[in-house]
Each structure stands twice: as structure tokens, then as C-alpha cells.
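The structure appears right after this line, and notes come after that.
The values are calculated or read from the model by the stated rules, or taken from the named source; none is laboratory data. Keep in mind that what you see is a predicted model, and the values were worked out from it rather than measured. No Cβ is skipped: glycine too gets one built from the backbone with ideal geometry, and neighbour counts run over all protein chains shown. Just so you know, the surface numbers come from the protein's heavy atoms only, side chains and all, with ligands and any DNA or RNA stripped out. Shrake-Rupley method; radii C 1.70, N 1.55, O 1.52, S 1.80 Å.
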Amino acid sequence: MTKLLIDGIEVDVPADFTVLQACEAAGAEIPRFCFHERLSIAGNCRMCLVEVKGGPPKPQASCAIGVRDLRPGPNGEPPVVMTKSPMVKKAREGVMEFLLLNHPLDCPICDQGGECDLQDQAMAYGVDNSRYAENKRAVENKYIGPLVKTEMNRCIHCTRCVRFTTEVAGGTDLGAIGRGEDMEITTYLERAMTSELQGNIIDLCPVGALTSKPYAFNARPWELQKTESIDVMDAVGSAIRVDSRGTEVMRIMPRTNDAVNEEWISDKTRFIWDGLKTQRLDRPYIRKNGQLQPASWGEALQLVADKLKATAPARIGALAGDLAAVEEMFALKSLMTSLGVANIDCRTDGAELDASLGRAGYTLNAGIAGIEDADAILLIGTNTRKEASLVNTRIRKRWLKGGVTISVIGEKADLTYDYNYLGAGPDSLSELVKTYGSVTAKKPLVIVGQGTLSRPDGAAVLSMAAQFASQIGAVREDWNGFAVLHTAASRVGALDLGFVPGEGGLSATAMLAPGAVDVLYLLGVDEVEVPAGAFVIYQGSHGDRGAHRADVILPGAAYTEKSGTFVNTEGRVQMTSRAVFPPGEAKEDWAILRALSGSLGKVLPFDTLAQLRKALYAAHPHFAALGQIAAGDRAGIATLATRGGKIGKAPFASPVTAYYQTNPIARASAIMAECQALADGRMAQAAE
């Protein structure tokens, strides 16, 4: 630790702190444009200048000088740093004057207006006039894709966007050309950016040079109602803020959660909002004479109740989709149990996960943040860049630190970091199990993707992965390196609930076989093909595949329109918050199931969401611990490792083939459709 005197306040900070960090520890406010806590230091905006006593007779850039480099006083006194001296004030005013020299005065039409660092700091540290009368430079705007809008006249060359794409996203999309006033940030050939994290440069840009193209001119920040929530586009559970105006979601922004997504979100998370108001189900429908026709809630619920009453429990099935919250799955399970139905399942992709062994067998046990502690990582049948972009950034972050070996069994893909490719299928994993003695890592991490689990030999592959993890010491008291990476936001919560077939019940794969059931209840299930013959009840928010096949449609709420519990891939319990109300006659999903139970004469024991949660927490107490992870029993992994089974020969394949269109909300989004078309074009070019 190192002692410093900052504006007369003595602080004790680690020797590897920068002066800027030390000043913040002392409570001093330091303006900055180029510096960002999660990016490398550039030191090129010079806004963070401070005066160092005993140093050179000029202000110092506090972001680029370490506290260990400061000279103590002649008698060993702590170094003295001043952040409010006349020298510092004059220096900052000069820097601000230079920054505004070429900056256009277009705040009234800038989407960043009201959320602009330059605007705020010009008010706090600038002066009210400029001594320059020369013409401002003009820079041509660049096309960098359908998501980010450029106004490069505003660019102050902080290079945050360049450093983010290079260091965090792991690409070379952006860079600088030219020098001096001819310097420009560009994609060189003006191609669309390829990263699935590119939207984060909008948040990083301290001026209005990079703004959201879909959101442009739609609203001003002071018009928006801000609601803290959780993302459900993948199983990471990123912390988000939903900004709405009236009945519409206008944009989605990231919130900081160091344990999950740090302060980044994927493009699918950020730009999905236009799909929330497109192709919506806003009233019940009943199929008559082969056509879906509008109906009242009473008619629709009565038809569903009559059909369920007239069908034997063994011929009824219920499936829960990828975007279902814990509350509605709990209500559906309770309703089906009251009817004597054992055919329930959440594993609509056929994933071979056994909930009876405990959550250690189906969660990312080390935690997302725990990836940074691993010194050897094996990826089995997963393309983390497409299946969980924020998990991939953690792996890249660990790779950049060095001292880690990353290996892949499965598809060859650009994961933004170097790895050892061990093979494409189960044979390679089997060979690795035989030679496990060569692994000497202290904290190995074995990540199993859904591409391995939804195969006929999924259970055998999972068992082999658990066996390998146990052999190399990845599962022990102080470290659990066995990890299952999910792609569905609802999956871990459903498995925690036990939303799996009861005794003698059919699995999702069996239910979807021709003639297996007479009535099939789909709770937001859109990713399966339902065979002809079954009477299908679809409860969901969008007119997607499930609704097209349905005989009765019960319109539900999207994730921004309800308060619901979700459990992410590491087992962390989180909750969404309602930002807007469902459209038209649509209702929250638990309320639909409660009303249906009344029509069936099997009234569920709750009338409010609070009562439902009380029953849920009584049955499954860990759901009440929001933000927490209930540790799984490692004995379940040991049991899993002994199960064995026959493995196939087919190579592993990622379940995500169209990254931007993995769920009904994404498929309803015009923004995501444009992104997917660009991605498909790049793949076609690569194939040629």
C-alpha cells in the first residue's frame, strides 16, 4: 500500500493504482473522456490532468501515471497531488477549448444530448467562449452496419470504441487512419461490423459520434421511464434497463453487474425492442373450420377446459418454452399435477439433463465470474460466442491475462481467442478421458454445451464429461469446474422446479411423436414441430410457430411486461420487472393459468402474484434469494460420471445456427432480420 496526500486528504492505496484511481479513492472528481475502467489506458484526451507537487512544472495525466512513480517529499513525506489548483483549472479549460475547437454545435438534434459526457464536462470545466474563429473540420460519416449510427464530425478521438472492439469484443472492426486533424475512426473499407457486441460502443462513446441507428430521433432521455430488469435472450441473465415511453419499449440499455455481464450486453439483448411490438398476440383465438378466429377469454378458456376434462390424463402433455418465467411454470405444473398429468417437460430440445441429481449436474458451477480463476478450460460442443456472448468475453478476458490453456472439442469457429482444437466429436472426448493424466491444471473448467446434450447420446456424453472433470480434479470442495452452458433463459429455473416428466410420464421428445398425446399445452414453445392430430393450446406473446399450429391461442405477456423470476446458467436467481403493460387483451401468464384452473374446477391456491410466490418459496426456498446462487451437491456429478452409455460418431454441432433469430421476439424484429441477413451474407462469402 502507498500513502498519498490528495487535496489535503491522506489515502492509502495499492501501489498498482493509477493516480486517477487514487484520486477517486480520496473522493476527488476527475473528468475523463478516454479513460475507462475496463479498457487499456490510452492517455490521449488529457482531461484528467492533475498537479503533482515535486514533479515536472506542468500538469500530469492522472490516468497514465502510477502512484508508485510519484516522488515523496524531501523528508519522506507522502507524495502530494492537487486536483483543484489554479494550474489544473487552467489546464482543463485549455483542453476543453481544444476539444470544442472542431466540435459541431448540434446538441439540439444529437441523440446523445442529455446523456453526453462532453456536454456535462464542458459545463463543469469549460469556459463560455472560444478564441478560435477558423472553420471547423468536416469528416464524412461512415457506414459500420445497421446498428450504430455515425456522426464523425463529433468524434474527439478518445479511441474507446477501437479499444473495446480490439480488447473486449476481440475483433479488428474499428481502427484509426490518418494523423493530426486528418485522423479518422473507421472500419477501413466501410463494411458492417461483425461483432455481436458492437452496440456497446454506443455507451462507451463520450460524445454523439456513435449513436443507436434504430433508436435515432425516437425519444429524448428525459421522456423515458427507466425500469431495471433482466435479459432473457440467452441464459446469461444480463442486467438491463428497459426505457419506455407510454406503452412502448423505446430502447434497452445495460446495467453494471460484475458477477454476470460486467457492463456489456449483446446486440440481440440491446436491439430486440422493435420485436416486442411486432406480430403480437393481443386477444384470444379459436380455430374454427381450419381458420383461427378471434374469441372472448370466456370462450377460449371454456374450450380449453372442456378439452382437458374430456381427455385422459395420460393423453395430455405440457411443455414449457425457453422464455417462460418460474412463476408461470410453477402454476402450470401445479395445474397439471391437479389433473393427474405426468407428461410435463421443459427440455423441448431433447436435452439429456437429469434434474433428480441436483443442480450441480446442470449449472455452470464455477460461476461466470469464476471463469477468470480457471487455468485450463475445455469447451465441449459449444460455440460460446453465439450461445452466450458474455460468457465468451469472460473466457477472452481470462485468455488475455495469460497462464491459461483453452481447448475445444466440437465445431471450429472464431471464438476471438486462441485455442487447441482437439477434435469434432465424442471420439475425441473419449480419447481425452483415456489420457487425462497429462492435465496438471490447478483450477480446470469443463464447459459442456447444449450441442452435446440434445443428441441421442447426450446422456452418455454428459456422463463422460463429468467423468473427465472428476478425473482431473475439477470437482472438489474448494472448486467446482464442471459446467453446463445453457441457451434458454428458462431452463435452469424449470429444472429447479422439477418441470420434468413425473413417474411414467413422457419426455418432450416422446410427446412430440405422432399420436403420443391428444392434447398438448404449449407455454411459450415455438422451437418445436408439433405433429398433426394433437389438439394444441398455445399460450404466448407472439404469433410465431407455436401460434400457427395452435387450435386455441391464449395471449400472454413478454418479459418486459411482467415481473418474473429467471435463473441463469450459473444458477443465479434474478427477477424481471414490468416496464409496460401487455397489449390489448393479453394477460400475465400466471393469471391465465389461474383463470383456467377456475374453469376446470381445479382452482389453484393463489389469487395474486404475491400469493403465488409465497407458495413457490415454500416449495422451493432458494427462489426467494434474489441475486444469490444456491450451491449444488457435488455428489450428483459423481453419480452422473458413473452412468456411462454408448456414444455416437456424429460430430458436435452448436444449436444456435441463426444467432439473431433464436426466439419469437427476435424473429419478429426487423433489426434482427437485417443483422441475420448480413451474417448469412458473410457466411456465404466465406464459403466461396
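Tabulated results
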quantity: The chain: antiparallel DSSP beta bridges as a percent of all, rounded to 5; calculated: 55 percent
quantity: Euclidean distance of C-alpha centroids, region 237-285 and region 29-84, integer Å; calculated: 39 Å
quantity: Length added when fully stretched, ALA630-ASP418, from 0.36 nm per residue minus Cα-Cα; calculated: 73.0 nm
quantity: Surface share of carbon and sulfur [accessible, 1.4 angstrom probe, percent] for region 328-459; calculated: 48 percent
quantity: Label zone at SER577 (point 7 Å along Cα-to-Cβ), backbone N below 18 Å, region 588-620; calculated: 610
quantity: Inter-site label distance for LYS442 and GLN685 at 7 Å from Cα along Cβ, in nm; calculated: 4.5 nm
quantity: Trypsin sites (Lys or Arg not before Pro) within region 144-217, DSSP loop, no more than 15 other Cβ atoms inside 10 Å; calculated: ARG179, ARG191
quantity: Pairs of Lys in region 366-509 closer than 26 Å at Cα, counting only those 8 or more apart or on different chains; calculated: 14
quantity: Region 446-467 and region 396-423: distance between their alpha carbon centers, rounded to Å; calculated: 19 Å
quantity: FRET efficiency, LEU609 to PHE98 (Cβ-Cβ, R0 56 Å, nearest 0.05); calculated: 0.50
quantity: Accessible area of the chain divided out per residue, in Å², using a probe of 1.4 angstrom; calculated: 40 Å²
quantity: Segment ALA510-ASP478, length gained on full extension (0.36 nm per residue, minus Cα span); calculated: 7.5 nm
quantity: Close Lys-Lys pairs in region 1-157, where close means Cα under 18 Å and separation is 8 or more or interchain; calculated: 7
quantity: Spacing of the two label points (7 Å from each Cα toward its C-beta) at TRP222 and TYR617, in nm; calculated: 4.0 nm
quantity: Within the chain, helix-based [θ] at 222 nm, where runs of 4 or more DSSP H residues each add -39,500 (n - 2.57), nearest 500; calculated: -7500 deg cm²/dmol
quantity: Length added when fully stretched, ALA650-GLU37, from 0.36 nm per residue minus Cα-Cα; calculated: 216.2 nm
quantity: Lysine pair count for region 532-688 [Cα-Cα under 28 Å; pairs on different chains or 8 or more apart]; calculated: 6
quantity: Charged-residue dipole, Cβ positions (Lys, Arg, Asp, Glu), the chain about Cα centre, Debye nearest 20; calculated: 380 debye
quantity: Förster radius 56 Å - calculated FRET efficiency between ASP373 and LYS309 (Cβ-Cβ, nearest 0.05); calculated: 0.55
quantity: Cα centroid separation - region 337-381 against region 617-688, whole Å; calculated: 10 Å
quantity: Cβ-Cβ FRET estimate between THR247 and CYS107, R0 fixed at 30 Å, reported to 0.05; calculated: 0.55
